[in-house]
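Contents: one structure, followed by commentary.
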Amino acid sequence: MSEKKSIQHIADNELTHSMAHYLLTIHKLKESKVYARVTDIARELSLTKGSVSTALNNLKKRELVVEDES
């Protein structure tokens, strides 16, 4: 018999494992460097800058991170 796959939706206030990794990495970088640039986050997580940028935009939409314009 074939299994049916269910689609799960993440609640707006639910934190995924991936989001937690990003937030912890940002916190770690801010503790050591006082800032967390896309390049630094990408290097730390071994991801592309494009992937990090997309993830950060999602975190900004949820108001979990704030971009410093300077």
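The values are calculated or read from the model by the stated rules, or taken from the named source; none is laboratory data. Here the structure is a predicted model, which means the values were calculated and not measured. Surface accessibility is based on the protein's heavy atoms, side chains included, excluding ligands, DNA and RNA. Shrake-Rupley method; radii C 1.70, N 1.55, O 1.52, S 1.80 Å.
In table form, for the structure just shown:
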{"item": "Residue-level accessible surface for Arg62, protein heavy atoms, 1.4 Å, Å²", "result": "70"}
{"item": "Lys28 - accessible surface, heavy atoms, 1.4 Å probe, Å² rounded to 10", "result": "110"}
{"item": "Probe 1.4 Å - accessible area at Val65, Å² to nearest ten", "result": "30"}
{"item": "Accessible surface, 1.4 Å probe, highest first, among residues Glu69, Glu14", "result": "Glu69, Glu14"}
{"item": "Equivalent-ellipsoid semi-axes of segment 16-58, from the Cα gyration tensor, Å, largest first", "result": "15, 12, 8"}
